[in-house]
Amino acid sequence: MTGNLAYNINFEAAAFCFIATLYFYLRKKYYNTSVVNNTFRRLTFCQLTAIFFDVAASITISYPKTFPVWLDVALNTLYFAATAYLFYTLHLFFLSFGIKKKVGMPLLLTSRGVLVLFLSMLFVNAPTGIFFSVKDGAYLPGGLYYLCLAFPIAYMFACSVTFVIIKKRVTKQVFRVLLALLLLTALGPILQFLFFPTTLLTHFFSLFSLILCLFVLVSPDYAELTKKRAELFELQKNLESKAAQESDKVYKRSKQKEILFEQIIDALAETIDAGDSKRSGHSENVAETSRLIAYKMLLPKNEVQKIYYAAILHDIGIIGVPESVTGKNGKFTQEDFEQMKKHCEIGERILSTISEMPEISKIARSHHERYDGKGYPDGLEGKQIPLAARIIAVADAYDAMIHERSYKNIMTKAEAREELKKCSGLQFDPLVVAAALEVL
C-alpha cells in the first residue's frame, strides 16, 4: 500500500476511539435502564458504527490498486446505511423524552418509513449507481446523489420539530444539552461539505455533544439525589396525603400513568441507594434477580412484574432511618440494628398509599422474615410470609453477599450459592432457593 490518503481521517479516528470508550463504559458500568438511557446507548453504538465505515471507505478509496472496486462500493453503501440509521436513532433519542401518542406515533412511523425507503434505494444503488459509483479510484456521484444529503436534512428537521414539542417537558439543563446535540450534529456535515471536502468531520463534532449527554442526562447526579433524599426525609410525615393527591392527578392522566409510574420507581430506587456508595445498583440488582427467580418458578407475568416493582422498592423505608446509622462504617451495635430494623415498617407506611398495588406495602414489611419464624418484624414463618417477600429475601441476601458492605467481607458467587444452600429451610424457602440456584 503506497501513496497518500485522499481524506484526512485524524478527526474521525480520534472520535472513534473516544466514542468506543464511551460505549463500552455505558455497557459495563451504568445500571440505569430507562428509555432515555437505553436509547442513548443505542445512539452511541450507531455513531461508532458510522465512523468505522466512514474511515474504512476513505482508506479503500484512497488506494484503488490495493482494494477491489466492489469493496469500495460495499463500504460506502454500509457507511450511508449506518449514517441513515444513526439519524433515525437520533430522532428516537429526542422522542424518548416523552411525547403524547397522538403526536409521537405519527412522528415515529414517519421516521421508520423514511429509513426503509432510503435503505431500499441504497440496495438498488449497487447495480444501478443512482446514488454513487466508484471508477478508477474516483468517487462518482449519481443522478440521485443529493438525496443522500437531503436524508439527514429531513431527519434534522424531524429532530427539530420533536425538540420544540418536548421543550416544555424537560428541564432547562436538559433543554440546553439537547440543543447542543442538535446543533453540533448538524455542524460537522455542514463544515465538511462547505469548507473541508477532504477532511472527515461529519461525526467529530457530535462527539462533544455525546459527552455532554453522558454527564448531564445519563450520569447519576449524586448531589441532586442527596438533596432529594433530605427532602423526602423532611416530608415523610406528610407523604401519605401528598401521595394521595398525586394519585388523583395520575388517574386524570390515564394515558401517561404507566410512564409516570416507571419514572417514579426509577427515581425512588436511585434515591434509596444514593445515600451509600456501596449500595449502588442494589435495588435494581435485587429486582432483576427476583424477576429471574419468579420466572423460573413459572409465576404469571403480571405477578412477576409486581414482584419486580416490590423488589425495586423493598428498602424504601431506609430513607426514614437516621443517616448516622445508614452511613456508618464498621459493624452495627445492637442499638444500630434495632434502628435499621424499623425500615420494614416505615417502608410499609410509605408504600401503603399506592392503591394500584396494595400488596407491595406488605411485601416491603415482610422481606426480612425468616422461613423458620425467627425474622422480623412479625416473626412470620413458612407460607405465612408472602411468596414475593420470600423471593425478594433470597435475591436481597445474595446481592448483599457478593457486594462489599461496611459490616462484612465480600463473597464470591460460588460462596454465596453455598450459603443459600446452607440456609435453605431455615432462613429461606427451599423452593425459592432451588429456583434461585438454577438462575444465578
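The values are calculated or read from the model by the stated rules, or taken from the named source; none is laboratory data. Please read all numbers here as calculations on a predicted model, not as lab measurements. Note that we place each Cβ from the backbone using ideal geometry, even for glycine, and neighbour counts take in every protein chain shown. Heavy atoms of the whole protein, side chains included, go into the accessibility calculation; ligands, DNA and RNA do not. Shrake-Rupley method; radii C 1.70, N 1.55, O 1.52, S 1.80 Å.
Remarks
- Charge dipole magnitude, Cβ of K and R +1, D and E -1 - the stretch 11-102, Cα centre, debye nearest 20: 620 debye
- Summing charges over neighbours of PHE204, with a neighbour being any other residue whose Cβ is under 13 Å away from its Cβ, gives -2 when K and R count +1 and D and E count -1.
- Computed from label points 7 Å out along Cα-Cβ, the spacing between ALA126 and PHE157 is 3.0 nm.
- Other residues within the sphere of radius under 14 Å centred on the Cβ of LEU48, judged by their own Cβ, net out at +1 (K and R +1, D and E -1).
- For the stretch 1-135: relative contact order, % (alpha-carbon pairs under 8 angstrom, 6 or more apart): 27 percent
- Qualifying trypsin sites (Lys or Arg not before Pro) in the stretch 78-183, where qualification requires a DSSP coil assignment and no more than 13 other C-beta atoms within 10 Å, comprise LYS100.
- The Cα center of the stretch 386-431 and the Cα center of the stretch 97-165 differ in position by 52 Å.
- Once backbone amide H atoms are built at 1.01 Å from N, SER133 has LEU140, GLY142 as its partners under 5 Å, excluding neighbours fewer than 5 places away on the same chain.
- Each residue of the stretch 174-190 was assigned a 3J(HN,Hα) from its phi angle through the Karplus curve 6.51 cos²θ - 1.76 cosθ + 1.60 (θ = phi - 60°); the sequence is 5, 4, 5, 5, 5, 5, 4, 4, 5, 5, 5, 5, 7, 5, x, x, 5 Hz, with glycine and proline shown as x.
- VAL439-LYS168 FRET efficiency (beta carbon distance; Förster radius 45 Å; 0.05 resolution): 0.55
- Treating r as the C-beta distance of LYS135 and PHE18 and R0 as 45 Å, the FRET efficiency rounds to 0.80.
- Under 5 Å between amide hydrogens, built in the peptide plane, is the criterion, and for HIS314 it picks out nothing among residues at least 5 positions away or on other chains.
- Mean sequence separation of contacting Cα pairs (under 8 Å, at least six apart), scaled by the length of the stretch 42-104, corresponds to a relative contact order of 44 percent.
- Carbon plus sulfur fraction of accessible area for the stretch 73-116, probe 1.4 Å, in percent: 74 percent
- Other-chain or far-sequence residues with amide H under 5 Å of ASN8's (modelled H): THR199, LEU200
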